[in-house]
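J.: Pasting in a structure now, in structure tokens, and then I'll have a few things to ask.
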Amino acid sequence: MDSENARLANSNGERFSDCNKERNCNKERRALGMGEMPFEIARAAIEKYAAERDVSGKRLLREVIPSTMGEPLLYSHFDELLELCGALGLPLNLTTNGTFPGKWGSDAGMELLLRSCRDIKVSFLASEQFGGWKANVEKLVRVRDKLRGNADADCADVDACCTKVDCARAVNAKCAGIAKSRIAESRSAGTAKSRIATVSLQVTLHKKNLRDVPALVEWGTAIGIDRIKWNPVVFLSIAPRELREMYGIDSTQLQNLRDKLQTELRSQKLKHEGSLFFNRSAGLCPVGGKCESCPFADEVWVWPDGHEDHCPNPERRWGCF
């Protein structure tokens, strides 16, 4: 790959001019995504977008998604990221493999994550290789329930009462404490409610785990999972035929699963979402353009070197053009 193509690929995602060099192209493009993002880059990007407002003065940045290309809880600056987002009143949308390394596996660590995030998605893929996956998910749900229960038990109508300044002077010490905390949170984050994250499962559907779907729905419902995101596997253009045959799911199988999740596997307690239910198949996404129906159109992807991308399709980065 010549230096000009390298510059274009790194700066604005322009297509490579010579597809005959696909092996070298992909090797170089993979290298662009490797390594830890310096925290200065993360801070600059978050502060930049956190400062933007619409015409009414409302902040445009809704949440921060820390890495979809690695385990975010292994990021050496994750504590700093939490502090920064907390100071700006921004929730995180966290996707983790469910190993919860180090302090994040403790009750206190999980509580911090649940208070800092809007949603915590645990990838089902890790369950195939990590024996403690299910126990960790169950623990996360227990900590979530404890936090929700404590909040509800402190006041008969916490959300109605404990957002008012007068409640901070209440005789009920617990209620007054909640009120003070929520008033401070409201001023910094622009919200009057204490936030406890939802817990979701993120499932990459492939031929080998289709049989696990009913049991997974039953287990998720039983322990109190809030949502399951079902995302059919998508292959890069360079994926070998053997891989497609081993893991690919045809349209009939996907339609049968959709019907099942909306009928016999439907639950009032558990939401079913994800690209399985998109009107447009992810495999048909036009590479290079900004599709009007793209569910990721409002997202900005920031790479470790600081350059930005507005298309999440992995074909742009690792496929062959």
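J.: Taking region 99-141 as the region of interest, how many residues are aliphatic (A, V, I, L, M), more than 20 Å from Lys229 (Cα to Cα) and open to solvent by 20 Å² or more (accessible area, probe 1.4 Å)?
T.: 2
J.: If I ask for residues that are closer than 16 Å to Asn256 by Cα and without any contact (Cβ under 8 Å) to a residue 24 or more places away in the chain, which ones from region 199-222 would you list?
T.: Residues satisfying the conditions are Arg211, Asp212.
J.: Is region 16-28 home to any residue that is modelled with pLDDT under 95, part of a helix (DSSP H, G or I) and open to solvent by less than 20 Å² (accessible area, probe 1.4 Å)?
T.: Looking for residues that are modelled with pLDDT under 95, part of a helix (DSSP H, G or I) and open to solvent by less than 20 Å² (accessible area, probe 1.4 Å), one finds at least one in region 16-28, hence yes.
J.: I'd like to verify a number: residues in region 74-111 that are touching a strand residue (DSSP E or B) at 6+ places or on another chain (Cβ under 6 Å) and in a helix (DSSP H, G or I), how many?
T.: So the count comes out to 1.
J.: Please specify each residue of region 101-124 satisfying the condition of being in contact (Cβ under 8 Å) with a residue 12 or more places away in the chain and among the hydrophobic types (A, V, I, L, M, F, W, C).
T.: Those that are in contact (Cβ under 8 Å) with a residue 12 or more places away in the chain and among the hydrophobic types (A, V, I, L, M, F, W, C): Trp104, Met110, Leu112, Leu113, Leu114, Cys117, Ile120, Val122, Phe124.
J.: A further question follows. Looking only at region 53-76, which residues are closer than 18 Å to Gly35 by Cα, open to solvent by 50 Å² or more (accessible area, probe 1.4 Å) and within 18 Å of the chain's Cα centre (by Cα)?
T.: Ile65, Ser67, Thr68, Met69, Leu74
The values are calculated or read from the model by the stated rules, or taken from the named source; none is laboratory data. As the structure is a computational prediction, the values presented were derived from the model and not from experiment. Positions of Cβ are generated from backbone atoms using ideal geometry, with glycine treated the same way; all protein chains shown enter the neighbour counts. In case anyone asks, the SASA skips ligands and DNA or RNA and just uses the protein heavy atoms, side chains included. Shrake-Rupley method; radii C 1.70, N 1.55, O 1.52, S 1.80 Å.
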